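Q: Could you have a look at this structure, given as structure tokens, before my questions?
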Amino acid sequence: MSFDGTVVAGITYELRTCLTGGYITKIAQPEKDALVLTVKNNRTQYRLFLSANASLPLAYITEESRKSPMTAPNFCMLLRKHLGSAKILDVSQPGLERIIRIKTEHLDEMGDLSVKQLVIELMGKYSNIILLDDEEKVIDSIKHVSLLVSSVREILPGRSYFVPEQEGRINPFDADYDYFVNVIAKKPNAIGKAIYTSLTGFSPQIANEICSLSGLDADQPTASLNAENVDELFKNFSKFISLIQNGEFTPTIYYGNNLEPKAFAAFSLSIYENMESKTFSSLSSLLEEFYNSKDKNDRIRQKSADLRKLITNAISRTANKLDIFAKQLRDTENRDKFRIYGELITTYGYQAKEGDKVLTCTDYYSGKEVNISLDTTIPVMANAKKYFDKYARLKRTYEAVISQQEEAEAELSHLESIKMSLELAENEEDLAEIRKELESAGYAKKTGINSKKGKAKEAKGTPLHFVSSDGFDIYVGKNNIQNDYLTFKLATNNDWWFHAKKCAGSHVLLVTNGREVPDRAFEEAGKLALHYSSVNTSSSLKGDGTKHDVDYVQKKEIKKPNGAKPGFVVYYTNYSLTTDSDISELRQI
């Protein structure tokens, strides 16, 4: 993810196209560091959202309305005075800086035309929104910056405005071939770093893309470059500059596991070719979806933090128990040896004399000679009973540990499935179902109303719904409660059930409605089963072509043992297919 100068260039181009010639009809300040300007232009009303938030600086056109405080803040009132009904003359970006300048004109108190500029600086913790007069002096800003805060420049009323120079970097539009040869290629850095530390507005993301297009590893040193490599780098750099100058942007979001937005760019980038992607018609729509989705995922992750901690601890405890059981089983591996010793002493004990510490005889099972230690404090034949008792004790331990181990393995499998459910949770209803399952299993304390007269209304999540290329409905459970619902309530006997083989994963239901199912529908349902499984969620890549087996069977073959945990089923006959987790061609409802 990189809100760099190329993204700002795309936003600037969009704002210039949509807003130039329009009039500012409304100004609101919904947050202490954010503004919403309503602009009417060409019979269309636009809402321009501007944020100088240190962790999330943004500028984009939105359709979302935001609630404003009852009393407008001072900066908002100042903007209404100077920019109310102002005409937007131009929207520009100095070089490739993360700065947008909106030039306006309006009638001042004397009735004369007055030019003002609204400057939006989208630079992380240095972000700001500044109003300038026609002499480039600060009228006011949404954040005041004194010399106590910054030794580089003050942002205070009456001060002259300027953009601080970035040492060692130049405007990319001024970079020529000689600059690549004599500066970038001679920096004692990796190639990618040499590029983005030499050009304003260029992020590591774009620098890596230029290297990739040039057939170079961004991490290799500049000392390895030859003349041909530099030619390729400059050629691909020039292509980027040309795209920016011509306004040829292809805003794209790239998704990681479970369709979580991981990165975005103003262009389609080859460095993310193994990730699922979505192209947008504008950077505004991209930014709105990206940050809304990311905010949604962050909220869900925050709300599920206690559940994650609980499950992680439970998995750790169960894994530790399995380690202990494994050690105990190793200690019982020689139990049959003691039974044989007891039998051999019973058979050959008459050969030993009182006081003998060892009985040497032939093991009639293996035909080999063995030496059996004897306890001289008891009769020789009593040693047989001692060995039989030791065998019986180890056998009981083995049988008990095997039973406990099977229970612990089932418990671990169940916990792993719940952990995966948290990765798929999309809303609070999904989290409520997961919490309910944890409460039922005794991992979490029960909450809510449990009286006979009334119970708290239970939130119900909704399974994911896809449509195959041939028009078949396919449902995916996001947790074990939804899995049980799909398999034992929604499904009919002739519907097809899918699950990734031998791993935690969602139940996937292919609804037939009595129709014959083509091979392509089976393949797509299998992809969904693999996509929503631990095989995929545990991988750092998505849709990378990795294949895995998926079991599928008609629902009538699926059984749930009495007392089984949610999501647990058994089947004794099934088909299998091998596929990958790429679901990019499937349509989600």
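The values are calculated or read from the model by the stated rules, or taken from the named source; none is laboratory data. No experiment lies behind these values; they were computed from the predicted model shown. So basically every Cβ, Gly included, is an ideal-geometry build from the backbone, and we count neighbours across all protein chains shown.
Q: Those residues that are surrounded by 12 or more Cβ atoms within 10 Å (Cβ to Cβ) and assigned to a loop (DSSP other than H, G, I, E, B), I need them from the stretch 137-148; list them, please. Even if it seems obvious, please write down each step before you answer.
A: Going through the stretch 137-148, the residues surrounded by 12 or more Cβ atoms within 10 Å (Cβ to Cβ) turn out to be 137-145.
Passing the criteria: Ile142, Lys143, His144.
Q: Separate question: Taking the options Ala72, Ala54, name whichever one is under 29 Å from Gly111 (Cβ atoms), within 39 Å of the chain's Cα centre (by Cα) and assigned to a loop (DSSP other than H, G, I, E, B).
A: Ala72
Q: Looking at the stretch 349-367, I want the residues that are touching a residue at least 12 places away in the same chain (Cβ under 8 Å) and of a type in the set (Asp, Glu) and have a partner that is surrounded by 13 or more Cβ atoms within 10 Å (Cβ to Cβ) and part of a strand (DSSP E or B) with Cβ atoms under 9 Å, at least 6 apart or on another chain. Which pairs are those?
A: Taking only residues 6 or more apart or on different chains, the pairs are Asp363/Val370.
Q: Within the stretch 86-132, can you find the residues that are in a loop (DSSP other than H, G, I, E, B) and either of a type in the set (Lys, Arg) or within 21 Å of Val39 (Cβ to Cβ) (or both)?
A: Hits for the stretch 86-132 are Ala86, Gln93, Arg98, Asp108, Leu122.
Q: Also: One residue is enough: does the stretch 171-192 have a residue meeting the conditions surrounded by fewer than 18 Cβ atoms within 10 Å (Cβ to Cβ), closer than 22 Å to Ile244 by Cβ and under 36 Å from the mean Cα position of the chain (by Cα)?
A: Yes - at least one qualifying residue is present in the stretch 171-192.
Q: Out of all the residues in the stretch 1-29, which are farther than 18 Å from Leu286 by Cα and crowded, with 16+ Cβ neighbours inside 10 Å? Explain how you work it out, then say what you get.
A: Initially, the stretch 1-29 is screened for residues farther than 18 Å from Leu286 by Cα, giving 19-29.
Of everything in the stretch 1-29, those that are farther than 18 Å from Leu286 by Cα and crowded, with 16+ Cβ neighbours inside 10 Å turn out to be Leu19, Thr20, Gly22, Tyr23, Ile24, Ile27, Ala28, Gln29.
Yes/no per residue for (1) buried (at least 24 other Cβ atoms within 10 Å of the Cβ); (2) in a strand (DSSP E or B):
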{"residue": "His499", "(1), (2)": "yes, yes"}
{"residue": "Phe522", "(1), (2)": "no, no"}
{"residue": "Asn536", "(1), (2)": "yes, no"}
{"residue": "Val553", "(1), (2)": "no, yes"}
{"residue": "Lys556", "(1), (2)": "no, no"}
{"residue": "Thr573", "(1), (2)": "no, no"}
{"residue": "Thr578", "(1), (2)": "no, yes"}
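Q: Still on this structure, please answer the following. Which of the numbered conditions does Glu64 fail, given that it passes all the others? Conditions: (1) under 36 Å from the mean Cα position of the chain (by Cα); (2) at pLDDT 95 or above; (3) not hydrophobic (A, V, I, L, M, F, W, C).
A: The single condition Glu64 does not satisfy is (2).
Q: Then there is this: I'd like the full set of residues that are touching a residue at least 60 places away in the same chain (Cβ under 8 Å), in contact with a strand residue (DSSP E or B) (Cβ under 6 Å, 6 or more places away or on another chain), within 15 Å of Glu209 (Cα to Cα) and in a helix (DSSP H, G or I), limited to the stretch 233-288.
A: Correct list: empty.
Q: Would you mind finding the one in Val115, Val119 that is of a type in the set (A, V, I, L, M, F, W, C) and touching a Phe, Trp or Tyr at 6+ places or on another chain (Cβ under 9 Å)?
A: Residue meeting the stated conditions: Val119.
Q: So, one more: When the residues of the stretch 234-262 are narrowed to those that are hydrophobic (A, V, I, L, M, F, W, C) and more than 27 Å from Ala529 (Cβ to Cβ), which ends up surrounded by the fewest Cβ atoms within 10 Å (Cβ to Cβ)?
A: By that ranking, first place goes to Ile241.
Q: Kindly indicate whether Phe488 is within 26 Å of Ala441 (Cβ to Cβ), outside the structural domain of Leu259 (by TED's automatic domain parsing) and among the aromatic types (Phe, Trp, Tyr).
A: In short, yes.
Q: For the stretch 285-310, give me each residue that is at pLDDT 90 or above and in contact with a Lys or Arg (Cβ under 9 Å, 6 or more places away or on another chain). Before you say what the answer is, go through the steps one by one.
A: Restricting attention to the stretch 285-310, the residues satisfying the condition of being at pLDDT 90 or above are 285-287.
Across the stretch 285-310, the qualifying residue is only Leu286.
Q: Moving on to the next point. Please go through the stretch 123-136 and pick out each residue that is under 20 Å from Thr104 (Cα atoms) and either of a type in the set (Lys, Arg) or crowded, with 18+ Cβ neighbours inside 10 Å (or both).
A: Asn128, Ile129, Ile130, Leu131, Leu132
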